[in-house]
Amino acid sequence: MNEIKLFRQTRWRLASWYAGVMGIILALSALGVYEAIDHAHRIAADRELQSIAGRLHDNLEPTLQQPGIISDAAKRFLPNSCVGFHQCSTAIVANHSPGEVFQGSYYIRLLSPTEELLAMAGLKTQGLPMTSPTKSWQFLKDQSKIRYRQITLPLQNSNTPLWGYLQVGSSLADSDQYLASVRLAFFIGFPLALAFVGVASWWLAGRAMRPIHQSYQQMQQFTADAAHELRTPIAAAQATVESVLDTPYLSESDTRETLQILDRQHQRLSHLIQDLLLLTRLDRQVRTSPEQSCGLQDLVTDIAEELAALALNKQVQLQTNIRVDQPLWVTGDEAQLYRLVINLVINAIQHTPEGGKVTLSLEAQDQQAVIQVQDTGVGIAPEYQSKIFDRFYRVNSDRNRQTGGSGLGLAIAQAIAKAHRGKIQVQSRLGQGCSFRVYLPQATKTVPPMLGFGHDTSRNAAND
């Protein structure tokens, strides 16, 4: 129960972090997109307004000779205009056709040097405040809260350095309406996107936790199996000692038998500890030393000779099939490679019924050395083939010494293959035997094997 609660809480934390980070990213992205759209609209509106104001300024300036007086020539560029402050302030808003220069929502103001309104044309606005011409660009709002963008340009002529000011403004109603729809889309879409991110985060957190959960379960299973394997010889030795202590007199033969039992249990416990230490070293080993190499022909031949007696005792035929003409070398520890192959062959012999056959083959394929151990035994069901390399795992789930020891043989073989940058593949069908193929990269050059790494150093520990 605590395990389920722990992983569920961890999953919630991961999902919350995923959703939080993605929410911040989405919010910043939405803000960036909105600012980019707003900026693009502002730039486009300012350019258009500046272009129209510039054309109007160039047309009006030559026609304005006396300050405060608007000539008839200037009025041609001011359609539907009102002249004078009183007339413009009391003008009635009506439909208008501003002409070619004013195709759009634009208004025009002519101001005197003293900032008095002289004339107004184009779009009629309500309650638009008068502004100082000292600022070139301004934002304004009328009584209806409609925003306007305004540009102010000075008007000059040859008679006076400053005739007055030209103010041209455009309505931002369409742009603001579009930006309002964009904000609405973001306000509606962001919660939906965040909800989708939350669901996706929960799913991703579950997938991220799956290998951790599996590793945790494997560790628990490994701990339980290791404790069971360690407890078995200790319990047997303890029971033997207790029975001896309860016996008032022991003969020499009874004493020798008791010591033999204790020695067997000690050997069993010692082998198990050695196997566990070997697996730990192999897990930490990234790659084999490039200074070591191993000749596979001699290794395969020696293993076949050493296990001939075991195969004969099991009434199983052991054959070798070496399909290479020249020496085949691989980089790695000879003792570990010997352990790998002998574990596979012993496993095949023990699971092959009487009268069966085990074939040990060696060949080269695509710059790889391939060692195959094939038997005619009972085979392995497909649902178990992915688990047979787990530590302490055995298909029949029993733990007697006649079915393969502690169940670490295949786990050690796979760990050794990975440490040598190789792999093991298994093919099997129930009732049709099993085939293990070990792929190891060939050595680029022949290097003599290191001293102290021979077959004899691993034979005593090979039977798992």
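One table, with the values for the structure above:
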{"item": "Distance between segment 293-313 and segment 165-228 - C-alpha centres, whole angstrom", "result": "59"}
{"item": "Alpha carbon centroid spacing (whole Å) that separates segment 239-254 from segment 1-40", "result": "70"}
{"item": "J(HN,Hα) series, segment 50-57, from Karplus relation 6.51 cos²θ - 1.76 cosθ + 1.60, nearest Hz, glycine and proline x", "result": "5, 5, 5, 4, x, 5, 5, 4"}
{"item": "Phi to ³J(HN,Hα) by Karplus 6.51 cos²θ - 1.76 cosθ + 1.60 over segment 346-363, Hz, x for Gly, Pro", "result": "4, 4, 5, 5, 5, 9, 10, x, 4, x, x, 9, 10, 10, 10, 10, 9, 8"}
{"item": "Footprinting exposure proxy for CYS294, CYS82 (fewest neighbouring C-beta atoms within 10 Å first)", "result": "CYS82, CYS294"}
{"item": "Nonlocal amide H pairs with LEU128, under 5 Å, H built at 1.01 Å", "result": "GLN143"}
{"item": "Exposure proxy ranking, count of Cβ atoms within 10 Å, fewest first, for ASP38, ASP72", "result": "ASP72, ASP38"}
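FYI, it's all coordinate maths here, none of it is from the lab. Keep in mind it's a predicted model, so treat the numbers as computed, not measured. So basically every Cβ, Gly included, is an ideal-geometry build from the backbone, and we count neighbours across all protein chains shown.
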